[in-house]
Every structure is written in C-alpha cells, then in structure tokens.
Amino acid sequence: MTIAAPTCSVVMVSYHTGEALFASIRLVLEQASLAELIVVSNGNPPTHEARLQTMAGQNPNLIIISGHGNIGFSAGCNLGAGYATGGYVLLLNPDAMLPAHALTDTMQALMAHPRAMLAGCQLLNPDGTPQRGSRRNLLTPQSALAESLILPRLLGMSRLNRHEEIMPDEVEAVPAISGAFMMLPIEAYRQLGGMDEGYFLHVEDIDLCARVARAGGQVLFVPKVRVVHLLSTSEVSSRFIERCKARGFKRYFAQHFSGKIAPPLLWAAKAAIELRYWLKLLTQKPRQMLKRRRAPQADIALRKLSLLLAAYGDSAPDAFFTHKAVLVTGATSSLGMCVTGRLLGAGAHVVAVSREAALAFAPARLAWVRADLELDLILPPGIRIDLAVHCAPVWLLPNHLLAWEEAGCRRVVAFSSTSIFGKARSAHAQEKKTVEKLKNAESRIAAIAPGDGIGWTLLRPTLIYGGGLDRNISRLARVIRRFGVCLLYPPASGLRQPVQVQDLARAALAAIQVPGSLGKAYNVGGGQVLSYRAMVEAIFRAMGRKPRFLPCRMLPLALDVVDRMLPGLRLNGEMVRRQNQDLVFSHEHATNDFHYTPRPFLDNPRADLPL
C-alpha cells in the first residue's frame, strides 16, 4: 500500500504588509508539499484585498480569510489553523521568502526527531547576514535584567539571541526559535492549545517554545532551510509595536515565573521591560540614523530585494517565458532587480549577472553569476540562454553579442539612455565622453541587420527613479530630508518626464515579445510631464513637507568649482544648467508597438523614495 507523502498547511497573518506579501504568497504556492496556504487578513488596503481575492480565484490552494478586523497575530494564527488540512502547519510571516523545498526539508527534520514538536529555520537578512532570533535561549527574568544592563556583552555571557554563534551544519535542538517561521505537526499544535491569544503581537513565539519544553517536546533549528526575512514591512507605528512587546514580556513573566522566583526579581524584570520601552521610544530616530550609517549596504540590499519582490509578486505566469532561460546583466541595479523579479514571476529561468555580490534571495529558477562585463565573458561553458535583457551600461553589450549568440540567444533588449540627446550639448568632459560611448554602442548594435544573428531592441529611459536607490529623485529627497530646503537655478522651468523603474521592466518584457520591435530604438519616459521646479515640489509634498527653495544664480559656477576639487561627488555645473532645459521625449512609438503605459510621477512615495 502506498503511503501518501505528508503535506503542510501554511498560515500567514497579514496586516498592511505591503508589496512583499504577494511575493511571499507566490513562493509558498510553488512549494511541492503544500496542502494549502491560508492568508488571514487582519487588515490591508482595499487594492491589496482585491488582489488577494483575485489570486485566490486563480489558485485553489489559496484561502483568504478577511473581514474580522485586526485580531492580533496569535488569534489570526489560530483562526487560520482551523482551516488546515495538512499533517503539519507552518506559521509564516508575510515578509518571509521561502526557498525551494522549505516545507519538505522542515517536515523531514521533524519526522526524524520523534520528540520534536516545533521547528524553525535559518533566517537571513537581504544581504545574506544571519538575522537575530533564528536561535534563541528562553527568556527568564534574570536574563531580561542582564540584557537590559548589557551584562552579556560585557562579561561574555550567553545572550538571548544566538545569531553570533557558529552556524551548525546539522539539525539541532534549541531552547527557542523565531516566530517568523514556526512549523508544528498539526496534532502538536492542537495538543498545545494553539497560540496564546493573550499575546497580541510579539513574545507569543517565546511563549510557545516554553510551552513545548513544559510538554516534554523539543524545539528544532533546521539550518539548511534558509529563509530571507525582510522585517518591518508592515505599516504599523514603532510605538505600537514596542508597547505590544512590553505587554507581551510582562504577560510571559507572569505566566511562566509567578510563584517560582522571588517577587522582587520579578518586579525588577518588569521594571526593566518598562524602562526598555521608554528608552526605545526616546531614542528611535537617533538609532535609525545610526543604523543607516553603520550598515548602509544592508539598507541598500533591503531596498533592492524589495524591488525584486514587488516585481515578482505583481507579475503573472506568461507562456512566452515559461521554461525559457533569460540572461539579465546589471542584475543588482534597481532596473536589474525589477527585470529579474518580473521574469521570475512570468515563469522564466533567470541567469542574473552582476559585479556585486548576489543577494541572499535565490529561488529555484534564479542563478546568480558574479562577473565584470568589462573583463569577463560571463557565460560559463555549457550554459544555454534563449533571451537576454541588458541592464548594464549599453556600451558593454557589443563585445558580448557573439558569445551570447553561440550560447543560443536569439533576442536581446538593451537599455541605453536619452542622455544621448539631453547631454549632447554639454561642455563637461565626462558627460561628452558618455554621449560618445552611447552613440558608438548604438551604432555598433544598429549595424546588426534584422535576421542576422541576434535580434535587438533598444530602450532609452528618461530620468529613472524608484526604490530609493536612484541618483536623481532619491538624491533630491535625501537633501530635502536633511536640510528641508532645495537649491534651484531659477526659473528651473525645464520640462521633465521621470520614469518609474518598474515601468521600464514591464517595457522590456513587453518589447522582447513583439516582432515589430526588432531593430528599433524607443524613447521610454514617464507618464507625467512637469517642470523641474514642479517635480521638486512634488517630492516635498510626497515627504509631507512644505516646498522651500533657495534660488541661486551662481549655483552652476559654484558646482563647476566643486567638480574640479572633488570630482568623485559627481556634481557639476552642467547638471544645474539643465534645470532650464527641456528633457522630454515622446514614447508614442513604444505605446503603439507594445502598449507602453507609464504611471504618473510618485504615485507610491513609500516605495519610490528613501523615506
């Protein structure tokens, strides 16, 4: 008799999670051992609720529970678990990204350890560093007091979070794990009584681990399952979160230690928790600034991965890309992230090439290759590709076309720039050099006749923004955030047409499917034309600030001096003089040929600016 393979029900509680929710859902639905995914919506914007219902209509394994309001994380888990049909249940945060085989590997670990009642995984930050909380010691009043006094750091004592310890190679038993990923046999979940609904948000995971230990069970840590956890995607105030933590810690101490330790020690621990709450509130902004300065690369990695996941969650399977191998160059640029995400969402197998180190996110259909297009041919022997999207500088493309053709590539879409026109009259030596490189590259590509080797299409974006990573709009936003005022070269009346990076990724995937785009170059701008001054005013308003300008007619000359003294800043007078130059280019041909329809400027400031 054949024994059916075990399956796992995934419960995901969401409250204003943001775009990461849809990517997380897609990755869960791709799991081989999935019984069903139950999304408990404690509250999401109407547009997101509509998308969830649409996805549920297209996926029989997706169940959406909504309309009950924000009942908290624990109650949401219990509500969702009531619909579970699998032999196991996974409580998964909506901003956690599962790798291939995550469910199967974790279930196998639980089956191999008969006493195990709960299992967690290795949680990673977007840059691949270990995240706090994957492995923990159980919290006690004594350890809470020690942590609040920074004694573990000073005396080398064991800490609550064990992320700084050496990562084990095999499954091991640990006192506690993170609530971002908690798998239990469904019978164990019921035996334990589910989650304690007295915990609204936070600390419920430590409580569950303590109850597992009290029941004589084991908590497992499964290091081979590596889950990228974004953290802080929910639009919830820090004050509310910290208050929930403080209440949760107090409840935990009262439940697990009342009558077991001296009352003064318990009171001291509760006082330390309350002190921690107020210190967190009072130091919130300085800590955020210090974190950005200490770990700027971690912040950049988070922004890049957020772009990729937003594109992945927003795209749908497309028969044109299914089972096709697509090469993406410049893959860790903001544009490359969006293109990679959309291709994965469309069903393609992606070979992502970049000079920078790969992100931690690596689903089954994504292979990262670290290489420099100026030095390397990038394609290892034996790799076959069907299509290519070139997001690196266009002048690096011609030298690789022959090798790509030999690898099977018959179609490439490459991004050039409207700077080929906008900077044509620049007096700045570096900008003149850039224009010549663009012209030379486009000429070499144009020399390839249709039907002769690789078919090509060029896309020339205008001012690119999105994800808080660009050097244009995001740089202005940072200046406004820091100084509250923006310098202008009056009247700053030159027209602009800023284009959102996700619209460019859509354009690339659309153009590569249209035979009529072969051998053509398209200008691709944004969906709104506005003056330079109006554009900056829109940034002020998006940041919740009143527009304040400081007109300065000497600004171009001043920046020319800065450029000579500090060329690495990439600031020069020509940049400012263009504030009064129209840089608008019609995308009519792109609209006619592949239905290019860009969005208005800053329609989603939270995703577009470094807020």
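Before moving on, here are some points about what is shown:
- Total residues in the range 138-190, condition in a loop (DSSP other than H, G, I, E, B), more than 16 Å from His202 (Cα to Cα), modelled with pLDDT of 90 or more and touching a helix residue (DSSP H, G or I) at 6+ places or on another chain (Cβ under 9 Å): 3
- Of the set (1) touching a residue at least 12 places away in the same chain (Cβ under 8 Å); (2) farther than 29 Å from Met55 by Cβ; (3) of a type outside the set (Ser, Thr, Tyr), all apply to Asp376 but (1).
- Residue within the range 419-428 that is under 31 Å from the mean Cα position of the chain (by Cα), surrounded by fewer than 21 Cβ atoms within 10 Å (Cβ to Cβ) and on the phi < 0 side of the Ramachandran plot present: yes
- The set of residues in the range 577-598 being among the acidic types (Asp, Glu) and out of contact with any Phe, Trp or Tyr (no Cβ under 8 Å at 6 or more places or on another chain) consists of Asp582, Glu588.
- The range 368-401: number of residues that are surrounded by fewer than 17 Cβ atoms within 10 Å (Cβ to Cβ) and of a type in the set (Val, Ile, Thr): 1
- Across the range 200-217, the qualifying residues are those that are outside any helix (DSSP H, G or I) and at pLDDT 95 or above, and the one among them that is farthest from Phe73 (Cα to Cα) is Gly216.
- Pair list, Cβ < 6 Å and 6+ apart or interchain, from the range 1-22 residues that are within 15 Å of Ala102 (Cβ to Cβ) and among the hydroxyl-bearing types (Ser, Thr, Tyr) to residues that are at pLDDT 90 or above and part of a strand (DSSP E or B): Thr7/Ala35; Ser9/Ala35; Ser9/Glu36; Ser9/Val89
- Any chance Pro393 is over 22 Å from Asp127 (Cβ atoms) and either among the polar types (S, T, N, Q) or touching a residue at least 40 places away in the same chain (Cβ under 8 Å) (or both): yes
- So Thr329, is it under 19 Å from Lys304 (Cβ atoms), without any contact (Cβ under 8 Å) to a residue 40 or more places away in the chain and hydroxyl-bearing (Ser, Thr, Tyr): no
- Taken over the range 562-574, the criterion of being part of a helix (DSSP H, G or I) and either surrounded by fewer than 19 Cβ atoms within 10 Å (Cβ to Cβ) or out of contact with any helix residue (DSSP H, G or I) (no Cβ under 8 Å at 6 or more places or on another chain) (or both) is satisfied by Val562, Arg564, Met565, Pro567, Gly568, Leu569.
- Within the range 87-107, the set of residues being under 25 Å from the mean Cα position of the chain (by Cα), in a loop (DSSP other than H, G, I, E, B) and surrounded by 17 or more Cβ atoms within 10 Å (Cβ to Cβ) comprises Asn93, Pro94, Asp95, Leu98, Pro99.
- Residue that is assigned to a helix (DSSP H, G or I) and crowded, with 19+ Cβ neighbours inside 10 Å, where the choices are Ala75, Ala84, Ala56: Ala75
- Which numbered condition Asp503 misses (of (1) without any contact (Cβ under 8 Å) to a residue 40 or more places away in the chain; (2) among the acidic types (Asp, Glu); (3) within 23 Å of Ser333 (Cα to Cα)): (1)
- Flag not set for Ile261, criterion: within 26 Å of Thr106 (Cα to Cα), among the β-branched types (Val, Ile, Thr) and surrounded by fewer than 19 Cβ atoms within 10 Å (Cβ to Cβ).
- Annotation: of all residues in the range 467-522 being polar (S, T, N, Q) and crowded, with 23+ Cβ neighbours inside 10 Å, the one that is farthest from the chain's Cα centre (by Cα) is Ser517.
The values are calculated or read from the model by the stated rules, or taken from the named source; none is laboratory data. Predicted model, so just to flag it, every value in this text is computed and none were measured. Every residue, glycine among them, receives a Cβ derived from its backbone with ideal geometry; neighbour counts consider all protein chains shown.
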